[in-house]
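Since every read-out is calculated from the coordinates, none of them should be taken as a lab result. Computed from a prediction, not measured in an experiment: that's the story for all the values here. A quick note on method: Cβ atoms are made from the backbone with ideal geometry, for glycine too, and the neighbour counts reach across all protein chains shown.
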């Protein structure tokens, strides 16, 4: 079990960083340039781990990235990676979607605590923006998840995957829920137009403004772990999971590229515009999907 | 200051442990690896102190694309490894630059663009610019020209990467060693008002303008 | 006012900040993310140009004036050259006039592309800066071929221009204009018609139409309020009175209207350049000999010249005193009033997210505020 | 021009300097009232720039206000002279808001005082304790030398003036040499072919 968890984290670390490298690479190609190598994020993270750190605002400041990383790792171990085999399934049977949804919010909260001690106005502003945005992001995603739970009659992710094997993929059965969840996923990934907390033209790096060296590396690592967990979650919920590594990579990558393509052609909303948008269109779509499930099965 | 504490990626304790267990080579190899990674990933905070700022966008965008070499811009000095001072520095700017530089985490490097930070350049007789930046801050790479072309800036990056890879003594080590020298120079030219302090109403000064 | 500022936090937007248009800073008092008070601070780039010019002869000063505004050096050269010509009573040849007009319009296009990158970058649309800065670089290549310099050209010498056109230059320029025309359609689809840019920009940074003329706002800030004024039309210099072009205007006076005005001006620049390519005289002097140009003496007189730069009217006051040195040269660019009188007013009660966007759309260029 | 006749009533002369550029010279005492009448009566609503020129030899500042009408098709410069010592001007920021920043700059750069101006704080300089830098008796080179050591020249650096001199001398010498050679050649030829010369002489 422990071995599998460690293996899972390593897999997520590698895949997450390669995805992040691919993200930079694909973006660069669209922008008409070569871009960095795929492994660039590795280099960055190792370099950051080797940097000195002379900034301190007390223990809470150090704890913030750790809480975030904890949230990411716990999310990761609760998401079943492969649908058929028990391999890498780790502790999925111990939790369900509700625990997962709770854990996904842990990171931002830990961040808020740490940045609050940091006292940098830009960091605080970034956190406030992030939490405000979270209100908008969670609503359509939660509605979509509730819809899936009703449809599958279970909050167990493994069961939701199993249901899809017989009844067909959720993306086909419940496309409205998928669209609602995808739009909020764009925000969860921090892609435009919802990249508000860390908008460099407005608040420097937002919550990350004061973090440097090892803590920044930890934040980057947890980001890539978390990204991988979220991608797998979407694949599990809507694309029927993956039975092999190839399928896993294929499906997660498709979702990932879709998010990149949405992000690259849009600018950035202001925070209230973003919440306004998220509360209207995706929420409406998700509610329609939910209504369809409730009334028409 | 314990030698190698900042310069090496691993602190002395770990080095001793390696040596005790007969793995002195491992330390060297890891050192080398870390240096390679450092050279391959340089986060830049571009402080547009002067004319050279106009050649920064071409350097970092699609035509010259510095990102393919691992050089990427970041917003805050805390996260940066390299600060690019793109041109002459007015006294007022120098105060901010010193502060920005001291906010950066070690290892940190400075690259200057243009002739003005080297010897004053076009503004050699200007009353508001400094003429010799290396008196006040340790410079790692100076790219000459007025202004340097993006190719020259990229050449500067390559030179810096080589230096990091070879483990040459970097500017911040000199800054630590000769801290008094640099601070004295800064004090001399800036008249004691070095750091923007949070107490003074820094921007509503009525100091000047005496006829 | 005092009460409002009680619970605010004070932040400095700049000078080292990705969302600022250069080395300057804006001091903001924020209540939440709403700005309650804004104060511009410059001086990070002050070189004392006006002092340096007084210590130099005309030929020496000619090499440094282009450094006054970094993104847009050519209007400075043109202003300087024309001021000296006015004082000395020099008349330049038709070909030199055409070449200077061409260089000014090329510079306008290049500056507009750089502006577009900044404006799109200020709302986080990272794609457009990557494209437009590259497109601008093709223009810089042409500049390099024509003048020898990528950014600083030192080309418009008092009495004409410094070099003749290279062979086949006009064909290359014509090809580039074809490319630009295609690109502007692409930019129109990706940027000017972008849903989010419209949502962010419409109704932000609205300039009061009544104040425009009185407070001396110029350029796109003025034309986006529906005031059809342009130095090129009203006080024509060089060959502008023989060229056919329009002055695009918009009525709303907000960030989006200014963006649209700039887009239309790019098209007009292309139109002017096409006419110049057609009308460019084959023969003719390019540089009139100044007698004793190293020890050239300016008469004791003063003059005031205006040029329409890509951001608005840029004026030079120049006075000679019968010696080799220039007695006084004063630069009055569009940024000074925009960055202080206008920006400090526009930012109040707007949001932190709008600061970068507003600054970009006003065309504020710090090196020109403080010289 | 219409304005010229209006100014004639005020016994002022409008001088045309260039195309689209006119100037009026006025005493300092009448400046404020003239600016107001330009704004309110003649329709010159835009203040384009305020500018100060240091005429050190004559001991006064020449102040120039550049005004434009709503049409913006010409500029009128209103010039006046004020004493250099304890120079003081009426502030115009209540009439033209942009004058505030222009006057702040002039206060810093020339030391002109503006009684009633609300924000005479630093504009571009910080902790400046010398005389206002744009006054012509301020020697910037001396100031630079007192503040900044210049970088020593490289060993292989060449003095441009000397080099140019050398180059010119070398050119001269080469020219002289060529001339001498030509002469010598001619003489030699003359020696070799004396008959030709003789012929020519004949």
message: How many angstrom lie between the Cα centre of region D:63-80 and the Cα centre of region A:125-196?
response: 64
- line: For region A:135-284, the convex hull over Cα atoms projects on average to an area in nm² of 9.8
statement: Rounded to 0.05, the calculated FRET efficiency for the beta carbons of residue D:156 and residue D:130 at R₀ = 41 Å is 0.65
query: Say we join alpha carbon atoms closer than 10 Å with springs in a Gaussian network model of chain A; which of A:237, A:250, A:278 then has the biggest fluctuation?
result: A:250
statement: Footprinting proxy, C:233, D:177: sorted fewest to most Cβ within 10 Å, the residues are D:177, C:233
- line: Over its alpha-carbon atoms, chain A yields an Rg and a Dmax in Å of 18.7, 60
FRET efficiency for residue A:246 and residue C:185, using Cβ-Cβ distance with R0 set to 51 Å, rounded to 0.05: 0.80
query: When Cβ neighbours within 10 Å are restricted to other protein chains, what is their mean count per residue of peptide B:79-90?
result: 3
- line: Least to most buried among B:125, C:175, D:2, by other C-beta atoms within 10 Å and fewest first, runs D:2, C:175, B:125
- request: Kindly express, to the nearest 10 degrees and within the range 0 to 90, the angle between helix C:94-122's C-alpha long axis and the longest C-alpha principal axis of chain C.
  value: 20
query: When all C-alpha to C-alpha distances in chain D are sorted into bins of 5 Å, what percent of pairs does each bin hold, rounded to whole numbers?
result: 1, 6, 10, 12, 11, 9, 7, 5, 5, 5, 5, 4, 4, 4, 4, 4, 3, 2, 1, 0
- prompt: So what are the three principal axis dimensions of region C:174-292 from its Cα atoms, in whole Å, longest to shortest?
  reply: 54, 38, 27
message: With n ≥ 4 as the cut-off for DSSP H runs, can you work out [θ] at 222 nm for chain D, using -39500 (n - 2.57) per run divided by the number of residues, rounded to the nearest 500?
response: -12500 deg cm²/dmol
- prompt: Top mean-square fluctuation among D:64, D:80, D:119, Gaussian network model of chain D, C-alpha springs under 10 Å?
  reply: D:119
Cα-based shape type of region B:42-190, given that a ≥ b ≥ c are square roots of the gyration tensor eigenvalues and the cut on a/c is 1.5: oblate
statement: With a Förster distance of 35 angstrom and the Cβ-Cβ distance between residue C:163 and residue D:28, calculated FRET efficiency to the nearest 0.05 equals 0.15
Stokes-Einstein diffusion coefficient of chain C, Kirkwood radius over Cα pairs, 4 °C, 1.567 mPa s, in µm²/s: 61
field: Fewest-first ranking of C:342, C:87, A:101, D:176, using other Cβ atoms within 10 Å as the exposure measure
entry: D:176, A:101, C:87, C:342
- request: Just need the relative contact order of chain A here, percent rounded to a whole number, with Cα pairs under 8 Å and 6+ apart.
  value: 28
statement: Relative to chain A, whose Cα atoms define the longest principal axis, helix A:59-78 and its Cα axis are tilted in degrees, nearest 10, by 20
query: Using only Cα atoms, what Kirkwood radius does region D:1-113 have, in angstroms?
result: 14.5
message: I need the peptides A:144-150, C:263-269, D:111-117 ranked by packing, meaning the mean over residues of other C-beta atoms within 10 angstrom, with the highest value on top.
response: A:144-150, C:263-269, D:111-117
- request: Output the Cα-based Rg and Dmax of the protein assembly as shown in Å, rounding Rg to one decimal and Dmax to a whole number.
  value: 33.0, 132
message: Just to confirm my numbers, what's the Cα centroid distance between region C:307-371 and region C:224-281 in Å?
response: 20
- request: Between the alpha-carbon centers of region D:19-59 and region C:18-33, tell me the distance in whole angstrom.
  value: 36
Residues in region D:74-103 reached by a label modelled at residue D:6 [backbone nitrogen below 15 Å; 7 Å Cα→Cβ]: D:74-78
